[in-house]
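S.K.: Below you will find the structure I want to go over with you.
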Amino acid sequence: MTQPDRAADPVSRFLRMVTGPEPSLDEGALAIAAGAAADPARAAADAVRARTRLDELADGVSGPESLLHRLFTEAGFTGDSANYRDPRNSFLPDVLERRTGIPITLSVVAIEVGRRAGVALEGVGMPGHFLVRLPGTQRYLDMFDQGRRLDLAGCEALYRATTGAGPEVPFGPGLLPRTSTRQILARMLDNLRANYARTKDHVNLEWVLRMRLGLRHQGPDLIRQLGEVLAAQARWDEAARLMESWADGPGRGSRSGAEVLDEVRVEARRHRAHLN
């Protein structure tokens, strides 16, 4: 059985985008959002409105403080603490329309508005809470909290509060890396992957996993999860072929040991057994 038409086109477009040169952040985020759209026309219309809204937000912005004033005072963007896991918080068109989101998508909004206005910002992939930084400085901004300014000590306090890490866990600049566009897109997809796995939404989890597999990943975890998602939709032959293909191809060139490859093959046989 082939992959559902609903997922095929958005996934293909996303994979083409991320296999070439570094994609633009806004277009990558819009390509992710297209995966959840009911139809291509809706996704295209949402993307047009999102680009227009970003342009409007950037108009007249003259610097970092002006950008923060525009987003959080004039436009009223805020972090969605009440419904943090709502998938809409990971889709750029929804975040722009609802003016609420999670740290990474609000950071994407800030970065893209800044880019249009000539205000350089870079994403910072701190574990547990995504941040933004003024390039070449130690000035960090928490877009989930109205653009709150943070120094290194403030970042550490936020890190420990969000991850639960105790004082025995060291903290330093190594936990505040600049993130590439592909890394931001991967983190956005990982958030969706966790949300859809928690709710057992196999249809949406499938396209998320297929997109995520197009970005650099370690080990067989994503392949195994996609196999389970296909099996949950009674697509056992497709699940088995996917896992066998990985074990006999890319899996051999990965860091996975022979034991892991054997486990993947066993899972493939288990899926195929449903066809007997």
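S.K.: Give, as a single signed number, the net charge of other residues whose beta carbon lies under 12 Å from the beta carbon of D46, with Lys and Arg counted +1 and Asp and Glu -1. Could the numbers behind the result be given before it?
M.R.: Values: positive: R42, R49, R51, R53, R88; negative: D39, D94, E97.
Around D46, the charge tally is +2.
S.K.: Projected area of the range 157-236, taken from the Cα convex hull and averaged over every viewing direction, in nm²?
M.R.: Over every viewing direction, the Cα hull of the range 157-236 projects on average to 6.8 nm².
S.K.: Note down the nm distance, to one decimal, between modelled labels 7 Å out along Cα→Cβ at T52 and at Q233.
M.R.: Between T52 and Q233, the label points sit 3.3 nm apart.
S.K.: To continue, here is another question. By how many degrees, 0 to 90 and rounded to 10, does the Cα axis of helix 152-163 deviate from the longest principal axis of the chain?
M.R.: Compared with the principal axis, the helix lies near 40 degrees.
S.K.: While we're on this one: If r is the Cβ-Cβ distance from R241 to R148 and R0 is 41 Å, what FRET efficiency results, to the nearest 0.05?
M.R.: 0.25
S.K.: Run lengths n ≥ 4 of DSSP H only: what is the helix-derived mean residue ellipticity at 222 nm for the chain, with -39500 (n - 2.57) per run over all residues, to the nearest 500? Before the final figure, lay out each step's value.
M.R.: On the way: 13 runs with 157 residues, N = 276.
After summing the helix terms and dividing by residue count, I get -17500 deg cm²/dmol.
S.K.: Based on the alpha-carbon set only, what is the convex hull volume of the range 105-153 divided per residue, in Å³?
M.R.: 73 Å³
S.K.: If eta is 1.002 mPa s and T is 20 °C, what Stokes-Einstein diffusion coefficient results for the range 58-120, Kirkwood Rh from Cα pairs, in µm²/s?
M.R.: 183 µm²/s
S.K.: Between 0 and 90 degrees, rounded to the nearest ten: what's the tilt of helix 25-34 against the longest Cα principal axis of the chain?
M.R.: Helix 25-34 sits roughly 50 degrees off the main axis of the chain.
S.K.: Please work out the Cα center distance from the range 257-276 to the range 6-37, rounded to the nearest Å.
M.R.: With the range 257-276 and the range 6-37 each reduced to a Cα centre, they are spaced 31 Å.
S.K.: Using a 1.4 Å probe, what is the accessible area per residue for the chain, in Å²?
M.R.: On a per-residue basis, 47 Å².
S.K.: Against the empirical 2.2 N^0.38 Å scaling, what ratio does the C-alpha Rg of the range 129-168 come to? Don't skip to the answer; put the middle values down first.
M.R.: Details: Rg = 10.4 Å, N = 40, 2.2 N^0.38 = 8.9 Å.
Rg over 2.2 N^0.38 Å, computed on Cα atoms: 1.17.
S.K.: Using the Karplus curve 6.51 cos²θ - 1.76 cosθ + 1.60 with θ = phi - 60°, work out ³J(HN,Hα) for each residue of the range 164-181 in order, rounded to whole Hz, and write x for Gly and Pro.
M.R.: With coefficients 6.51, -1.76 and 1.60, one gets x, 5, x, x, 6, 8, x, 10, x, x, x, 8, 10, x, 5, 10, 7, 4 Hz.
S.K.: Give me, ordered by chain and number, the residues 5 or more places off T78 or on other chains with an amide H under 5 Å from its own placed amide H.
M.R.: The list, which skips near neighbours in sequence, is T100, G101.
S.K.: Kirkwood Rh over Cα pairs of the range 37-79 into Stokes-Einstein at 20 °C, 1.002 mPa s: D in µm²/s?
M.R.: It comes out at roughly 183 µm²/s.
S.K.: Can I ask one more? For the chain, with the dipole built from +1 on Lys and Arg beta-carbon atoms and -1 on Asp and Glu ones, taken about the Cα centre, which of W207, G172, V264 lies farthest toward the positive end?
M.R.: Going by the Cα projections, it comes out as V264.
S.K.: Read phi for every residue in the range 197-207 and hand back ³J(HN,Hα) as whole Hz from Karplus 6.51 cos²θ - 1.76 cosθ + 1.60, θ = phi - 60°, with x for Gly and Pro.
M.R.: Once rounded to whole Hz, the list reads 5, 5, 8, 6, 8, 5, 5, 6, 4, 4, 5.
S.K.: Set the Förster distance to 30 Å, then compute FRET efficiency between V169 and D86 from the Cβ-Cβ distance, nearest 0.05.
M.R.: Working from the Cβ atoms, E equals 0.50.
S.K.: Report the far tail of the P(r) of the chain, meaning the percent of Cα-Cα pairs longer than 27 Å.
M.R.: So the pairs more than 27 Å apart make up 44 percent of the total in the chain.
The values are calculated or read from the model by the stated rules, or taken from the named source; none is laboratory data. These numbers were taken from a predicted model, which means no experiment stands behind them. Methodologically, a virtual Cβ is constructed for each residue, glycine included, from the backbone with ideal geometry; neighbour enumeration extends over all protein chains shown. Heavy atoms of the whole protein, side chains included, go into the accessibility calculation; ligands, DNA and RNA do not. Shrake-Rupley method; radii C 1.70, N 1.55, O 1.52, S 1.80 Å.
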